[in-house]
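Read through the structure below, which is laid out as structure tokens, and then see the notes.
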């Protein structure tokens, strides 16, 4: 039986008006995209120079300036353009569209005769495709393709789509199994998933085939990278690449045999996205099963409770099962986004709610931790525990920033967060045959084409603060269709009412399927158990032994110094403690906090001896926890997620 | 009033025959020194090449080969020679002396006409003294001088002393305040303390003055290193030096104002050794007070319970107060040795037992942890907690080795451990006026010149397993003198008997002063409380909150996987638990172990979910702890010092 992959709903068919999410989403059009345009144009004082747009001008004007920034600096404009596309898809904005068209003109102007497009290699004159290990050419190509597809889909304008098609057509002549072609694949995956998107929008099969080629040959012996000069001669562009083993690049064994998530986390999950896409396109059940094994390995052995991944800074990478240190981890914002992308694909292919549970975790915690509530400051690294003085003085944590930064030299995360916020609709709903899937409880109105015709639904919620979710069938007509609602895995209970009456429901792999002939005005109400609860970690995670974490619905909570003073590692909490919900209007734009009793060391009596036989005295205290995603919006201070459990 | 610095007793006047220490000390002459000679001659299969001796031959033979190894590769032969000297001082060994004389011929042969001596700079032809920041020239000179002094003192042979005097004389013409001279100081201190030693043996005051110059000007503004090309032009020999701030080099403020131990730990403590020496030579009480502040900062805020220092690998450095992570620390063997050297000097100057307490801690724990019981494998890095799979897979811990290595490219630690073992006598006793100080309870016979004449004492003990220490006044005659015995800070009780009768005693700053007219055959017996006890850490050390460590006398104990299985971080122990002392003949050459009850997680029921609400179940178990210094002598496995405390 053929698997029908679910489809996203066009972003212009989803109108989001959510108390929680609009705090962030509204920033995209109003603040972030204009601000990031200034950033990539080097117009923001106090921010690191980007040189992104300047490189395009340098190339076009042939003004003799050097290329500046990273080898993949072009991706900043690509991700910005992709985010603009999603924003325009939702809502027209003449000014943004004009800026985007300016950028597209520059991109088009920078394209070589043969279709090649990359300011770094073209300006420097370095030989193309000779350092796939480090050069990021295919990675950059992938982001450019994603941007081109998204902008075409949003605006119908073909210029940028033509640019990326020409680039892809050219790549199809360069790479492949045929003799005389380059038999490589990217050091940093991304082009694989982009080529599938390009295939979807153009129907051009060779894009799909090139993606499949990259995935199919990856990790075969002998390793392609061993044939490149950087490895053969040790003349690396980035010295650390000499230290990276093949597993860092997911080429330590044939990709189709890998079942543990290894290496650079962003590379890994981008690659798995393409694997999932290909499994669906080729109806390859074995590959799909392998994707699920990789996904299970991540989410059951290598993922933080906040939905972040990458336990080590050196290599920004996965390490080994159950190794989840809380203060030295990398947990890159981009990796979380990649995990959400991978999970969303797996859901669309399998319709299994477990994948969307992880999407929800990633979006509500680490995605938002990556961005300040002003929309202008960003974290790359999202630790679960910070003591600022230590993070600043101990170089083991030199990747950890104690306040969000305006922009980084390597600016992957900010535009990645932006494009994700701008395309939230892709995660919220999906459709297949005659079923509308509602994945995330974000207040919105949607109309979607089902077999029964175009249907309209209005979702009203004050989630995640509140577990009462209300769906109203709207529109002039309705019809017989299935409303499939995700039942989050964390719920102790989940009561469903239709038109005020509780109904029993069928649940299949995390979804409640409600099939009937719907009438306009029909109401479905869900009561989800979103009470605060304490979580234990699998005790194989050595860092979290004897600890508990407070969560509520999909959100992880943390203690911050701003509310609780310092030495938070001394806090002891019983999982039986009563938790008062306190809505603080004044805090972080209005936030539901937790207030509970705990014990902590009385430092006023702690003495000065470094080592002694006396046990420190404890005192009782009332503690306040805030959502992890909102941490560090009130200046620098200690933060902790995993608290010591009082027996 | 002038402070009289205590003196060490000549090594040939101390005969060590100690159950515990001879396990290691006997290896020096029989195993380690011959083995290390082979190592520096590149004759050991499976060990990294040293090139140390080869560089000298290359220089002498002008054979056109390049210099190989580190810029300070010469120090390996210097430290080996210094250790040989101490070994010969204790006991003649014709073969070793012959090897040493061979090495000395090579060293002499490599010396330039003007006295300069350094194979790296001479072979490469790089300009001398132009990169004091990174070049290690003065550091290498310092080790060469120490070797020369030690070998002359041990054998009376003047050849190597003349070599290093010529080198020092030359340096005195190069460096100094006078116009036209180089106003720099070493990036890596060592020469400062060496010059004081050379002054002591030669009486040549300008060596002392040059040392004083290096110390006095260090950290003055403008920073000397800013005038060097590596900083001015960014062309570093070691790329990481671009990241190192001035505090890494102890030049962030005038050295005489620094009161916190900052930067590279070995550099810091070597420097403080010279400061202490100079404080004594110049009777500079302010400088001495500052030395004490630095020492207090280390031992009360920045030192591991095992006497090791250096909380971070990047920079091998101090970080900030109370930052003592147990699994990512550096805790270099060399840094511990430097701390022992600094503490010993401070003791000799002030006669305060607190310094020798730290010497004892450093020697009984980290010094010995650095060397395998076969004398042929070494640790640089001495963590307090290791999970092998994590240390091997998580690059945050890539400096941590999970088994001791044969030799390292940078081989500072093995020969440093060797010279320390070979010169234990310098830590065991000291004399001043009419007092013999007994610092360490190592079975030995000593004769020492006091004002009353030459006295002889025999110390018998089975320490640290046993707290019964026995001194016998030996020799034909005795006399009226003071026997000063250190009363370790950890002792709950310390009973003193003379000739079988308990006596009350005067104690001053950690020493028991017993003054009387001693007769041959007089017996002093000490009963020290060396019972097992659990230690709490100052709760400002965030890593050790809620934990306890087991110690006995000066030794720290740990749990190893070999005795206790894995997942040691799950172990919970009550400080009230009864500890059975178990002497295991079969273990580690005979070792006193601790056996006690604790709880640990039952992993057979731990489930597979990464996050859940259920608390893991615990089970009771009997645990076995072994001395930390002996860990990792039974293959790779988990190890832990700080155990979770059961309330």
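What follows draws every value from the coordinates through simple rules; no lab data is involved. Computed from a predicted model, the values in this text were never measured in an experiment. No Cβ is skipped: glycine too gets one built from the backbone with ideal geometry, and neighbour counts run over all protein chains shown.
Compute from the Cα atoms of segment B:24-105 the Rg and the Dmax, the latter being the longest Cα-Cα distance, and quote both in angstrom.
Answer for segment B:24-105, Rg first and Dmax second: 13.2, 41 Å.
Calculate how large, on average over all directions, the projected area of the Cα convex hull of segment A:524-582 is; give the answer in nm² to one decimal.
Approximately 5.9 nm², given one-decimal rounding.
Can you tell me the equivalent ellipsoid semi-axes for segment B:369-526? Use √(5λ) from the Cα gyration tensor, largest first, whole Å.
They are 41, 18, 13 Å, listed largest first.
Can you work out the base-10 log of I(q)/I(0) for segment B:465-510 at q = 0.17, 0.23, 0.30 1/Å, using the Debye formula on its C-alpha atoms alone?
-0.63, -1.10, -1.48
Taking the convex hull of the alpha carbon atoms in segment B:445-523, what volume per residue do you get, in Å³?
99
Using a label position 7 Å from Cα in the Cα→Cβ direction, what is the ascending list of nm distances from residue A:476 to the same site in the other copies?
Spelled out, the distances from residue A:476's label point are 12.8 nm.
Roughly how many whole Å is it from the C-alpha centroid of segment A:174-248 to that of segment A:1-39?
One Cα centre to the other: 31 Å.
What value in Å³ per residue do you get for the convex hull of the alpha-carbon atoms in segment A:240-314?
Cα-based convex hull of segment A:240-314, divided per residue, equals 87 Å³.
Can you give me the three principal axis dimensions of segment B:341-399 from its C-alpha atoms, in Å, biggest first?
For segment B:341-399, the Cα spread along each principal axis is 47, 27, 13 Å.
For segment A:130-269, with equal point scatterers placed on the C-alpha atoms only and solvent neglected, what are the log10 I(q)/I(0) values from the Debye formula at q = 0.11, 0.12, 0.15 1/Å, to two decimals?
Computed log10 I(q)/I(0) values: -0.41, -0.49, -0.75.
Can you give the Rg/Rh ratio of segment A:1-159, where Rg is from the C-alpha atoms and Rh is the Kirkwood radius?
Ratio of gyration radius to Kirkwood radius: 1.01.
Cut-off is 10 Å between beta-carbons; in what order do A:272, B:567, A:471 appear when sorted fewest neighbours first?
Fewest to most other Cβ atoms nearby, the residues stand as B:567, A:471, A:272.
Distances over 17 Å make up what percent of all Cα-Cα pairs in segment A:266-381?
52
Given label points at 7 Å from Cα along Cα→Cβ, what nm distances, shortest first, separate residue A:608 from the same residue in every other copy?
5.6
Compute the distance from the alpha-carbon center of segment B:311-351 to that of segment A:592-647, in whole Å.
29
Quick check: Cα centre of segment B:432-489 to Cα centre of segment A:509-538, how many Å?
One Cα centre to the other: 81 Å.
Can you work out the FRET efficiency for the pair residue A:283 and residue B:43, with r the C-beta to C-beta distance and R0 = 51 Å, to the nearest 0.05?
E between residue A:283 and residue B:43, to the nearest 0.05, is 0.20.
Based only on the alpha carbon positions, what is the Kirkwood hydrodynamic radius of segment A:339-456, in angstrom?
Taking the inverse mean of 1/r over all distinct Cα pairs, segment A:339-456 comes out at 16.5 Å.
Would you kindly compute the Cα radius of gyration of segment B:513-646 and its largest Cα-Cα separation (Dmax), both in Å?
Over segment B:513-646's Cα set, Rg and Dmax evaluate to 19.2, 74 Å.
Which three extents, in whole angstrom, do the alpha-carbon atoms of segment A:1-57 cover along their principal axes, largest first?
Here the Cα extents, ordered largest to smallest, are 54, 34, 17 Å.
Would you mind ranking B:423, A:369, B:211 by Cβ crowding within 10 Å, fewest neighbours first?
B:423, B:211, A:369
Can you tell me the mean projection area, over all orientations, of the convex hull of segment A:309-363's alpha carbons? Units nm², please.
That works out to 4.1 nm², a quarter of the Cα hull's surface.
Order of A:42, B:277, A:374 from fewest to most other C-beta atoms within 10 Å?
A:374, A:42, B:277
As an exercise, take the mean of 1/r over every pair of distinct alpha carbons in segment B:574-627, invert it, and state the Kirkwood radius in angstroms.
Here the Kirkwood hydrodynamic radius works out to 13.5 Å.
Per DSSP helix of 4 or more residues, -39500 (n - 2.57); summed, then divided by the residues of chain B. What does that give at 222 nm, rounded to the nearest 500?
-10000 deg cm²/dmol
Calculate, in whole percent, how much of the Cα-Cα pair population of chain A lies beyond 47 Å.
15
Semi-axes, largest first, in whole Å: what does sqrt of 5 times each Cα gyration tensor eigenvalue give for segment A:551-595?
Working from the Cα gyration tensor, I get semi-axes of 18, 15, 10 Å.
Could you work out the mean projected area of the convex hull around the alpha carbons of segment B:65-223, in square nanometres to one decimal?
9.4
Debye calculation, C-alpha points only, no solvent: report log10 I(q)/I(0) for segment A:174-217 at q = 0.14, 0.16 Å⁻¹, in the same order as the q values.
Each listed q corresponds, in turn, to -0.30, -0.39.
To the nearest µm²/s, what D does Stokes-Einstein give for the protein assembly as shown at 25 °C and 0.890 mPa s, using the Kirkwood radius over alpha carbon pairs as Rh?
72
Dividing the alpha-carbon radius of gyration of segment B:103-152 by 2.2 N^0.38 Å (N being the number of residues), what value is obtained?
Compared with the compact-globule rule of thumb, segment B:103-152 sits at 1.16.
For residue A:15, which inter-copy label distances result when the label point lies 7 Å beyond Cα on the Cα-to-Cβ vector, reported in nm to one decimal and in ascending order?
10.1
Based on the alpha carbons, how large is the Rg to Rh ratio for segment A:65-117 when Rh follows Kirkwood?
We get a ratio of 1.04 for segment A:65-117.
What number does segment B:196-258 give for Rg over Rh if you use C-alpha atoms and the Kirkwood radius?
Checking Rg against Rh, the ratio lands at 1.11.
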